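Before any comments, here is the structure.
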């Protein structure tokens, strides 16, 4: 445990030791001191806001403000006022002058999360800020000059949006001085247990427990085989739930789906188990297609190999004559159909 925890980053949960993670951090550290816009592209839960904070605090603007705005949370009619501010009387309810996020970020960094959600009208004004360093608040004709570095983040394909006319190509050209792709957790296999240990120990401390949680070998195998579509955010939630539910320090049960009702039967899981039982009995069920029979055979052989190897994935892969990456792919594919 101690060796894993020694790699913790001072920036919250932004930690890792995998090659993909370290490559990303190296590229981020290289561009941070360069006073140009940066785009962060990544799936949900990969830590785009943490990366934006790191860009800011590694830049020469680190003493200036870091202002954030999630562009997807505002309606198109409000986002322009939120970004650029408004004058008193600019619209109904505007009873006083209000600074926008650009003005608040003067001398620092403006982080625009979900930047693809910004409407075209507001994109035009952002382009003017990037090019000339000035804008006009809503309801005003007096330019306001600002010195702001923009860091944008999204999981959308901005290049495709530009081709289809949903994002201004000129603005995309200005913002894409550097484009960094955050690696998903499934590409950071070495980091899964590093992060899991971190989240588990922190949750144990929050619960007032005196000793650190320990994951069983089976729990480790399950965590490492999961697809993690929600990435680090999903891992944090799963691990914290497992620690909270555990009676002691040993973590054995991992629940990926707390919404699964105990009063309903998962038809897909039961169907797969039925086909497996039929294959084991040498019976060909009437509703079993060739792909279903192949899947059933793979599930049976995979289950047997895992049990014989005491859930050591590398040994199980060797006994099946496949690679470690292949068995991990099969575990992800059949994770809901395997008996744990």
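See the values below:
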quantity	calculated
Residues located in the stretch 237-248, provided they are over 15 Å from residue 220 (Cβ atoms) and either assigned to a loop (DSSP other than H, G, I, E, B) or without any contact (Cβ under 8 Å) to a residue 24 or more places away in the chain (or both)	237, 241, 245, 247, 248
Hits in the stretch 2-32 (condition: assigned to a loop (DSSP other than H, G, I, E, B) and modelled with pLDDT of 90 or more)	16, 17, 18, 32
Of all residues making up the stretch 320-335, the number that are without any contact (Cβ under 8 Å) to a residue 24 or more places away in the chain, under 18 Å from residue 300 (Cβ atoms) and not in a helix (DSSP H, G or I)	2
Failed item in (1) modelled with pLDDT of 70 or more; (2) assigned to a helix (DSSP H, G or I); (3) under 30 Å from the mean Cα position of the chain (by Cα), with residue 311 passing the rest	(2)
In the stretch 197-213, the residues that are surrounded by fewer than 18 Cβ atoms within 10 Å (Cβ to Cβ) and touching a residue at least 40 places away in the same chain (Cβ under 8 Å)	209, 212
Extreme residue, farthest from residue 70 (Cα to Cα), among residues of the stretch 148-158 that are surrounded by 14 or more Cβ atoms within 10 Å (Cβ to Cβ) and without any contact (Cβ under 8 Å) to a residue 60 or more places away in the chain	148
Test: residue in the stretch 166-182 that is more than 26 Å from residue 32 (Cα to Cα) and either part of a helix (DSSP H, G or I) or in the same structural domain as residue 49 (by TED's automatic domain parsing) (or both)	yes
Selection status of residue 103, in contact (Cβ under 8 Å) with a residue 40 or more places away in the chain, closer than 24 Å to residue 61 by Cα and surrounded by fewer than 23 Cβ atoms within 10 Å (Cβ to Cβ)	yes
Residues of the stretch 276-308 satisfying the condition of being assigned to a loop (DSSP other than H, G, I, E, B) and either on the phi > 0 side of the Ramachandran plot or modelled with pLDDT under 60 (or both)	281, 282, 283, 284, 285, 286, 287, 288
Test: residue 221 is free of Cβ contacts under 8 Å to residues at least 12 places away in the same chain, surrounded by 14 or more Cβ atoms within 10 Å (Cβ to Cβ) and assigned to a helix (DSSP H, G or I)	no
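The values are calculated or read from the model by the stated rules, or taken from the named source; none is laboratory data. Please read all numbers here as calculations on a predicted model, not as lab measurements. Quick reminder, even Gly has a Cβ in these numbers, built from the backbone with ideal geometry, and neighbours come from all protein chains shown.
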